[in-house]
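Asks: Next up is a structure, given as structure tokens.
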Amino acid sequence: MKLADKLLKKLKQKKLTLSCAESCSGGLLADAFVGVSGASEVFSGSLVCYSPKVKRDVLKVEKSVIKRGVVSEECAVSMAEKALELFNSDVALSITGYAEKSDDALLPDGTIYIAASCKKFTVCERITAKKSRNENRKLAVREALRLLDKLLESKI
């Protein structure tokens with residue numbers, strides 16, 4: 001059984017809904033869920049907010065967060081928390097980062113932040129992916145699924 005399938009079953013058992021906000025993964029996270037039959041019972045939706053403008057204007061990430069950097073823990077956390085609000089879901093995941101070359105001298109190439117949020121708390125992890133652009137995007141999705149699994153094992 002695929003991890004996305006297992007997670008959707010857990011969400012259904014817990015009577016929880018899920019949403020996502022994605023940047024560098026470009027919809028791959030949503031695809032992991034919608035590829036599972038019956039996903040619509042718990043998966044509310046996903047916003048691919050690749051540009052800072054969409055993060056700000058549609059997802060409603062604060063201008064100050066965007067200004068400090070869209071590839072950051074602060075932005076990933078905000079994206080997950082804003083996805084909770086936008087989709088009125090119980091749990092949300094976000095991914096933001098550099099799938100390959102970094103525009104930031106302080107962050108290594110392949111720096112990706114992944115956040116998982118529920119109504120009680122938000123957790124965030126940073127990974128440094130060192131493969132090709134598309135392999136790094138897939139790795140980010142796998143790590144997001146793993147983080148969701150960890151969140152669902154907690155007391156939410």
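Since every read-out is calculated from the coordinates, none of them should be taken as a lab result. Values in this document were obtained by computation on a predicted structure and should not be read as measured data. Positions of Cβ are backbone-derived with ideal geometry, glycine not excepted, and every protein chain shown enters the neighbour counts.
Asks: Could you identify which residue out of ALA32, ALA99, ALA80 has the top mean-square fluctuation in a GNM of the chain using Cα springs shorter than 10 Å?
Replies: ALA32
Asks: Here is a follow-up. Take every Cα-Cα pair in the range 3-153 and report what % of them are more than 21 Å apart.
Replies: The calculated P(r) of the range 3-153 puts 36 percent of pairs beyond 21 Å.
Asks: Over the range 15-60, what portion of Cα pair distances is larger than 13 Å, expressed as a whole percent? Please report the intermediate quantities before stating the final value.
Replies: Working: 571 of 1035 pairs.
Value for the range 15-60 (Cα pairs over 13 Å): 55 percent.
Asks: Another one. Filter the trypsin sites (Lys or Arg not before Pro) in the range 1-94 to those in DSSP coil with at most 10 other Cβ atoms within 10 Å of their Cβ, and list the result.
Replies: Working: sites: LYS2, LYS6, LYS9, LYS10, LYS12, LYS14, LYS15, LYS53, LYS55, ARG56, LYS60, LYS63, LYS67, ARG68, LYS82; in loops: LYS2, LYS14, LYS15, LYS60.
Qualifying residues, ordered by number: LYS15.
Asks: Another question about this same structure. In the structure shown, do any of LYS9/LYS120; LYS12/LYS131; LYS6/LYS101; LYS63/LYS150; LYS53/LYS155 have a Cα-Cα gap over 25 Å, and if so which?
Replies: Numbers: LYS9/LYS120 21 Å; LYS12/LYS131 34 Å; LYS6/LYS101 33 Å; LYS63/LYS150 30 Å; LYS53/LYS155 35 Å.
As for pairs spanning more than 25 Å Cα to Cα, those are LYS12/LYS131; LYS6/LYS101; LYS63/LYS150; LYS53/LYS155.
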